[in-house]
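To keep things clear, I will list the structure first and then write my remarks on it.
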Amino acid sequence: MKILISNDDGYKASGIHVLARVMAQFGEVTVVAPKFHQSATSMAVSLGVKQLAYKDLPEEGPGRWTYLDATPASCVKFGLEYKYENRDPDLVVTGINHGTNASTAANYSGTLGAAEEAVINGCKAIGVSLCDISPDPDFSVVEELLPGIMRKLLDNWPANRPGLYYNINFPAIPKDQIKGIRIARQDAGHWIKEFEPWDESRVSDDLGHNFFWQHYRVNLEEGEKAVLMRGTFVNDDQDPDKADHLLLDQGWITITPLSSFMTDKEEVKRLKALDF
């Protein structure tokens, strides 16, 4: 099996190294990952007349490793075009993301954006996340349990289902506290209080323990003020037996089937009945 791997946390992140080790059990691994952290880039691509630097990394492993100074979706595009003669890996796996990609985080996720990029190019794709945003999480439970989940999904992948990909989320708890695996749906939620005045001391405190924060300081022009984007998540879903992030909170590993096709089929029917 030919397996392409990418992520949104960058090639240095510990999660993608764990994922490469796991997937090497299944076949030939090729990694193309962003040079730098690219969280919340969704399916953004690196368009424009600009240089996109890449570098092969023979010291990394297992498999063949390359970084590209571009978005996760661009990394998948690059991998398909430059690493496979016929753009034909058997599977694309993205992650292991540092932090949850449940609920509406899935819409922003560069990890899942990379998986969706694979799907629209005709590849099978799976995104994997651990609900821990620290720089060096304990991935041991994922490393132990993910191979069995992968085998189950690959052995039972449905035929003729274009657009399908899977979003797997692991709670950040010890193995003996995990209740099991649940098939879930993406649930509803949103963020509030997303902007606050720039506080240099608070930013410096966060850099050591939060993988998301990247320190970018700009030279402010006259009249400009700086803010920082953080946010507080608000749950809009009250179904603890189906909603992915609520199941994660209860201690379940969740598998959420997603689709690259965004058409609301029920609304298509309703609008047709209006007889435009």
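The values are calculated or read from the model by the stated rules, or taken from the named source; none is laboratory data. Keep in mind that this is a model prediction, so the values were computed, not measured. A quick note on method: Cβ atoms are made from the backbone with ideal geometry, for glycine too, and the neighbour counts reach across all protein chains shown.
For segment 100-122, indicate whether the set of residues that are assigned to a strand (DSSP E or B), within 27 Å of Phe261 (Cβ to Cβ), assigned by TED's automatic domain parsing to the domain that holds Gly63 and among the hydrophobic types (A, V, I, L, M, F, W, C) is non-empty.
No, there is no match, as no residue in segment 100-122 is assigned to a strand (DSSP E or B), within 27 Å of Phe261 (Cβ to Cβ), assigned by TED's automatic domain parsing to the domain that holds Gly63 and among the hydrophobic types (A, V, I, L, M, F, W, C).
Condition check ((1) among the β-branched types (Val, Ile, Thr); (2) crowded, with 24+ Cβ neighbours inside 10 Å; (3) within 23 Å of Ile192 (Cα to Cα)) across all residues:
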| position | (1), (2), (3) |
| --- | --- |
| Ile96 | yes, yes, no |
| Asn101 | no, yes, yes |
| Glu117 | no, yes, no |
| Pro135 | no, no, no |
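Taking Leu146 as the residue in question, decide whether it is out of contact with any Pro (no Cβ under 8 Å at 6 or more places or on another chain), assigned to a helix (DSSP H, G or I) and of a type outside the set (Asp, Glu).
Yes, satisfied.
Determine if segment 149-161 includes at least one residue that is assigned to a loop (DSSP other than H, G, I, E, B) and buried (at least 22 other Cβ atoms within 10 Å of the Cβ).
Checked segment 149-161: no residue is assigned to a loop (DSSP other than H, G, I, E, B) and buried (at least 22 other Cβ atoms within 10 Å of the Cβ).
Within the group Lys83, Lys50, which residue is surrounded by fewer than 20 Cβ atoms within 10 Å (Cβ to Cβ), in contact with a strand residue (DSSP E or B) (Cβ under 7 Å, 6 or more places away or on another chain) and basic (Lys, Arg)?
Lys83
Wholly within segment 192-276, which strands (runs of 3 or more DSSP E) include no fewer than the required count, namely at least 2 residues that are modelled with pLDDT of 90 or more, surrounded by 10 or more Cβ atoms within 10 Å (Cβ to Cβ) and basic (Lys, Arg)?
So the answer is none; nothing clears 2.
One line per residue, one yes/no per condition, for (1) at negative phi; (2) more than 13 Å from the chain's Cα centre (by Cα):
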position	(1), (2)
Ala24	yes, yes
Pro34	yes, no
Ala40	no, no
Val45	yes, yes
Lys50	yes, yes
Ser74	yes, yes
Glu85	yes, yes
Asn97	yes, no
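Based on this model, can you work out whether Lys12 counts as within 19 Å of the chain's Cα centre (by Cα), in the same structural domain as Asn86 (by TED's automatic domain parsing) and surrounded by fewer than 18 Cβ atoms within 10 Å (Cβ to Cβ)?
The answer is yes for Lys12.
Tally time: how many residues in segment 174-191 are touching a helix residue (DSSP H, G or I) at 6+ places or on another chain (Cβ under 8 Å), part of a loop (DSSP other than H, G, I, E, B) and touching a residue at least 60 places away in the same chain (Cβ under 8 Å)?
Here the count works out to 5.
Could you figure out which of (1) out of contact with any strand residue (DSSP E or B) (no Cβ under 9 Å at 6 or more places or on another chain); (2) in contact (Cβ under 8 Å) with a residue 24 or more places away in the chain isn't true of Phe26?
Unmet condition: (1).
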